[in-house]
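S.K.: Dumping the structure here so I can ask a few things about it.
The values are calculated or read from the model by the stated rules, or taken from the named source; none is laboratory data. All figures in this text were calculated on a predicted structure; none of them were measured in a lab. All Cβ positions, glycine included, derive from the backbone under ideal geometry; neighbour counts span all protein chains shown. Heavy atoms of the whole protein, side chains included, go into the accessibility calculation; ligands, DNA and RNA do not. Shrake-Rupley method; radii C 1.70, N 1.55, O 1.52, S 1.80 Å.
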Amino acid sequence: MPKINPIQENTNLIKKARSATYWLFGSNIAIQLISWAITVFVARILSPDDYGLFGMAALLTSFLVLFNELGLGPAIIQKKDLSKEQLSSCFWIIVVINISLFFIAFICAPFVASFFHEKRLTSIIRVAAISIVIGGLYKIHYSLLTKELMFNKRSIVDFVSRLCGGVSTLLLAIFGYGVWSLVYSLIIGDLVKLILLYIFVDWYPEKIFSHQIIKNMIRFAYNVTGSRILQYFYSNSDYLIAGKFLGKTLLGYYSLAFQLASLPNEKLISLIGQIMFPLFSKIQDDEITLRNYFLRIVKITAFIVFPIFTGMYLIGELVIILLLSNKWIPMILPFKILCLIAALRAINTFNSRLVYATGHPHIDLSNTAICSVIMPLGFLIGSKYGLNGISYAWLILYPMVFLITTKRSINVINISLLEYFKNLTFPVIATCFMAIIVELFKTLLLSYSNFFQLTFCCLIGMLSYAIFIILFSKQFLSEIKIFILR
């Protein structure tokens, strides 16, 4: 067999990554538009009680889903040269895990119903938990598509299954099924996903199981699962502490501020992260190429998100007062602080993908443990100073956490913090230039209406940033052009 030229191999990998990006972003935009449209119609039919019951049931089922593969999905994506025996062994473990989770949900359902004083929750949880079992049957297939960067097929699966689930929700709601329209559509969507994945992925489990041949994969998976559990509690600790010590009103201000500040990360960066993990895994043995790819994606992401979050910081009060009204003024400061922190959270996303891809999930576990100790403690202390106190806990502590976890992550490919931050120099300079221009025009436009200020600041921000990049960063434009056209 002739050897594959490394340059040609990398070119093919870039083409796959580019195709994956187009498919993933395109399908997610389509899914979001359809989901929002269907949700509007369904919400006009169902009552708030229906959504409330489903939300209560989801508290248990969504927590159990954290354990639905025990991290074996990422282990499959990361590992090279998987054998049929390893895949089949992973499949049977995942099936057993998900069946066990179903029985846990079945047993716990009456206790959850009793806690919320809602008898109907028992049957709702038990039926909804069927989707956990169905999910266990396609986890391997979904991971294989991700591993090979076949996001065209994965996107079709996601789109069609979500579409079928959404349409079934609407039809069932029209025919008067109430909360059950949400439950049954969940199962229908998973069944469609199961069928499509078995059509698209030419692999079927064999009657083989060996714990010994997947021992290393299980060790990898345990670290991933541990990190997910810690992440679950760490990411909800601010809500928990705010709700406990500040009350529902201040929690409402904080939660909306956090949701709005997190939108770019949820809708953009999380999708890029999905592509980066299998991409990094493909080149895990080539440290030089991996370093170049990692630094490049961090730099490109910084070029995109730094001006977005800085712009959100600069016009935060205009957006909140204009779109949400004066009653939301208390959320202005938390929103602005969270926007600044969101910029760091965006580029921090790639650290976990890097350590997973290089086979060091224990680093991500310990990184998450560091966050799980420092940040909740900061929120607890900050809660004594009200809503702004919790927000300042982010501002004071997260940059420190970011430095520690980033240093520990980039060590796996021998990158220094100096090299890492040097890579971000130009995005920071370009963003600062934009911020100065926008702030200057904000001062000049104080006598104008909020709408005019908001519109003009957005336009001048985008224009000044684009001009700066065109004039002083031709290399960045060349990299984007190569990625889009090559």
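S.K.: Please give me the summed charge of the neighbours of Asn28: other residues whose Cβ is under 13 Å from its Cβ, Lys and Arg +1, Asp and Glu -1. All intermediate terms of the calculation are to be shown ahead of the outcome.
M.R.: On the way: positive: Arg154, Arg162, Lys267; negative: Asp158, Glu266.
Computed value for this residue: +1.
S.K.: Let me ask you something else. Aspartates and glutamates within cross-link reach of Lys299: Cα-Cα under 13 Å, excluding same-chain residues under 8 positions apart?
M.R.: Glu419, Glu479
S.K.: For the chain, give the percent of accessible area contributed by carbon and sulfur heavy atoms, probe 1.4 Å, rounded to a whole number.
M.R.: Values: 16430 of 23700 Å².
Looking at the chain in its full context, I get 69 percent from C and S.
S.K.: Let me know the charge dipole size of the chain about its Cα centre in debye, to the nearest 20, where only the beta-carbon of Lys, Arg (+1) and Asp, Glu (-1) is charged.
M.R.: That gives a dipole near 380 debye.
S.K.: Kyte-Doolittle cut-off 1.6, length cut-off 20 Å along the helix's own axis using Cα: show which whole DSSP H helices in the chain pass.
M.R.: Span-like helices, by this rule, are 84-116, 179-200, 425-444, 450-472.
S.K.: Given a 1.4 Å probe and heavy atoms of the protein chains only, how would you sort Trp36, Trp203, largest accessible area at the top?
M.R.: Details: Trp36 145, Trp203 30 Å².
Ranked list, largest accessible area first: Trp36, Trp203.
S.K.: A 32 angstrom limit on the alpha carbon distance is what I want to check against. Which of Lys15/Lys139; Lys139/Lys422; Lys248/Lys407; Lys15/Lys79; Lys15/Lys422 exceed it?
M.R.: Lys139/Lys422; Lys248/Lys407
S.K.: Looking at Ile218, Tyr184, Ala242, which one has the Cα that reaches farthest to the positive end of the dipole of the stretch 177-256 (charges on Cβ: Lys, Arg +1; Asp, Glu -1)?
M.R.: Checked the options; the winner is Ala242.
S.K.: Kindly state, to the nearest 0.05, the FRET efficiency for Phe472 paired with Gln259, given R0 = 30 Å and r defined as their beta-carbon distance.
M.R.: Details: r = 35 Å, r/R0 = 1.16.
Using R0 = 30 Å, I get an efficiency of 0.30.
S.K.: A follow-up question, please. Give the separation of the Cα centroids, the stretch 298-371 to the stretch 21-55, in Å.
M.R.: 24
S.K.: For the peptides 446-458, 253-265, 350-362, 233-245, what is the packing order when you average, over each peptide's residues, the other Cβ atoms within 10 Å and list the highest mean first?
M.R.: Top of the packing list down: 350-362, 253-265, 233-245, 446-458.
S.K.: Label Lys407 and Tyr448 with points 7 Å out from Cα along Cα→Cβ: what is the distance between them in nm?
M.R.: 4.6
S.K.: From the protein chains alone at 1.4 Å, what is the descending order of accessible area for Lys207, Lys193, largest first?
M.R.: Heavy-atom accessible area, descending, gives Lys207, Lys193.
S.K.: Tell me, what is the per residue accessible area of the stretch 101-141 in Å², probe radius 1.4 Å? Please list the in-between numbers first.
M.R.: Details: 2000 Å² over 41 residues.
I get 49 Å² per residue for this part.
S.K.: Please tell me the relative contact order of the stretch 283-379 in percent, rounded to the nearest whole number, where contacts are Cα pairs under 8 Å and at least six residues apart.
M.R.: Worked out over the stretch 283-379, it gives 28 percent.
S.K.: Separation between the Ile381 and Glu266 pseudo-spin-labels, each 7 Å from Cα along Cα→Cβ, expressed in nm?
M.R.: Label at Ile381, label at Glu266, 3.0 nm between them.
S.K.: Please list Leu403, Leu72 from largest to smallest accessible area, probe radius 1.4 Å, with all protein chains kept in place.
M.R.: Leu403, Leu72
S.K.: Please compute the net charge surrounding Val201, taking Lys and Arg as +1 and Asp and Glu as -1 over other residues with Cβ under 13 Å from its Cβ. Present the calculation step by step, with values, prior to reporting the outcome.
M.R.: Numbers: positive: Lys139, Lys147, Lys153, Arg154, Lys193; negative: Glu148, Asp202.
Local net charge: +3.
S.K.: OK, next. Can you compute the modelled spin-label distance between Lys119 and Ser210, with each label point 7 Å from Cα toward Cβ, in nm?
M.R.: 5.4
S.K.: Can you give the extra length, in nm with one decimal, that the chain gains between Asp202 and Phe175 once fully stretched, where that is 0.36 nm per residue apart less the Cα-Cα distance?
M.R.: 5.9 nm
S.K.: Work out how much length Ser325 to Ser235 would gain on full extension: take 0.36 nm times their residue separation and subtract the Cα-Cα distance, in nm to one decimal.
M.R.: Contour length minus Cα-Cα distance gives 29.6 nm.
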